[in-house]
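Engineer: Let me give you the structure first, and then I'll get to my questions.
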Amino acid sequence: MQLRTNSSMHICDDHDHGQTVSLTGTHAHTGPALVEILNATIDTQIQFQEVSLDQMREILGKNDKVDQTEQAIFLGYLCLLKANKLETVTKDLRAILGRDPTDIKAFFQANRDSFRPHRSHAQACALKEARREQQQQQQQQ
């Protein structure tokens, strides 16, 4: 299998063409468990709240940045989640990447500024870049 890394990855080997892969994380986590990991990692207090499909449909309908297709995808995903159909963990992503995927705690840590409440995306990117530069300076010392 040969991979190219541009803006996307392509499976180029004819042997793998047409294969279905299931890209999952290294562990299955519940919503409350994810929030607990997030809160511990970024030192905040986000709360988990269970919502029905109708409530989620209403929430998404109020967001003008989410179109109908995205709503349908998200609601379909939520249906699968509520039916406990998303607990499968595969090694397909590891096989494609050639390494273990990023652990959720490491992902939250690396992207911590993106998860902080009341920050714009631009501010989060600027903070992430500043933190990266600070770490590089510390490593050089």
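Engineer: For residue 102, all conditions in the list (1) in contact with a helix residue (DSSP H, G or I) (Cβ under 6 Å, 6 or more places away or on another chain); (2) among the polar types (S, T, N, Q); (3) outside any helix (DSSP H, G or I) hold save one; what is the number of the exception?
Structural biologist: (1)
Engineer: So which of 80, 60, 86, 93 ends up being part of a helix (DSSP H, G or I), touching a helix residue (DSSP H, G or I) at 6+ places or on another chain (Cβ under 7 Å) and under 30 Å from residue 21 (Cβ atoms)? Walk me through how you get there before you give the answer.
Structural biologist: Details: 80 fails: touching a helix residue (DSSP H, G or I) at 6+ places or on another chain (Cβ under 7 Å); 86 fails: part of a helix (DSSP H, G or I); 93 fails: touching a helix residue (DSSP H, G or I) at 6+ places or on another chain (Cβ under 7 Å).
One residue alone meets the criteria, 60.
Engineer: Continuing with the same structure: Restricting to the range 53-80, name every residue that is among the hydroxyl-bearing types (Ser, Thr, Tyr) and more than 27 Å from residue 105 (Cα to Cα). Please lay out each step first, then the result.
Structural biologist: Keep residues of the range 53-80 that are among the hydroxyl-bearing types (Ser, Thr, Tyr), which gives 69, 77.
Within the range 53-80, just 69 meets the criteria.
Engineer: Continuing with the same structure: Is it true that residue 133 is at pLDDT below 90, of a type outside the set (Lys, Arg) and farther than 18 Å from residue 29 by Cα?
Structural biologist: Values: at pLDDT below 90: yes; of a type outside the set (Lys, Arg): yes; farther than 18 Å from residue 29 by Cα: yes.
Here the answer is yes, as residue 133 does meet what is asked.
Engineer: Inspect all residues belonging to the range 108-123 and state whether any of them is free of Cβ contacts under 8 Å to residues at least 24 places away in the same chain, aromatic (Phe, Trp, Tyr) and either over 24 Å from residue 22 (Cα atoms) or surrounded by 13 or more Cβ atoms within 10 Å (Cβ to Cβ) (or both). Walk me through it before giving the result.
Structural biologist: So in the range 108-123, the residues free of Cβ contacts under 8 Å to residues at least 24 places away in the same chain come out as 110-111, 113-114, 118-123.
When the remaining residues are screened for being aromatic (Phe, Trp, Tyr), the result is none.
No; the residues of the range 108-123 include none that is free of Cβ contacts under 8 Å to residues at least 24 places away in the same chain, aromatic (Phe, Trp, Tyr) and either over 24 Å from residue 22 (Cα atoms) or surrounded by 13 or more Cβ atoms within 10 Å (Cβ to Cβ) (or both).
Engineer: Here is a further query. Please go through the range 81-96 and give me each residue that is surrounded by 11 or more Cβ atoms within 10 Å (Cβ to Cβ) and over 15 Å from residue 25 (Cβ atoms), ordered by number.
Structural biologist: 82
Engineer: Condition check: over 17 Å from the mean Cα position of the chain (by Cα), at pLDDT 90 or above and surrounded by 11 or more Cβ atoms within 10 Å (Cβ to Cβ). Does residue 56 satisfy that?
Structural biologist: Details: over 17 Å from the mean Cα position of the chain (by Cα): yes; at pLDDT 90 or above: yes; surrounded by 11 or more Cβ atoms within 10 Å (Cβ to Cβ): yes.
Yes; evaluated as a whole, the condition is true for this residue.
Engineer: Restricting the search to the range 18-52, which residues are assigned to a loop (DSSP other than H, G, I, E, B), under 13 Å from the mean Cα position of the chain (by Cα) and either among the hydroxyl-bearing types (Ser, Thr, Tyr) or under 12 Å from residue 108 (Cα atoms) (or both)?
Structural biologist: Scanning the range 18-52 gives 24, 26.
The values are calculated or read from the model by the stated rules, or taken from the named source; none is laboratory data. All figures in this text were calculated on a predicted structure; none of them were measured in a lab. Virtual Cβ from ideal backbone geometry, glycine too; neighbours counted across all protein chains shown.
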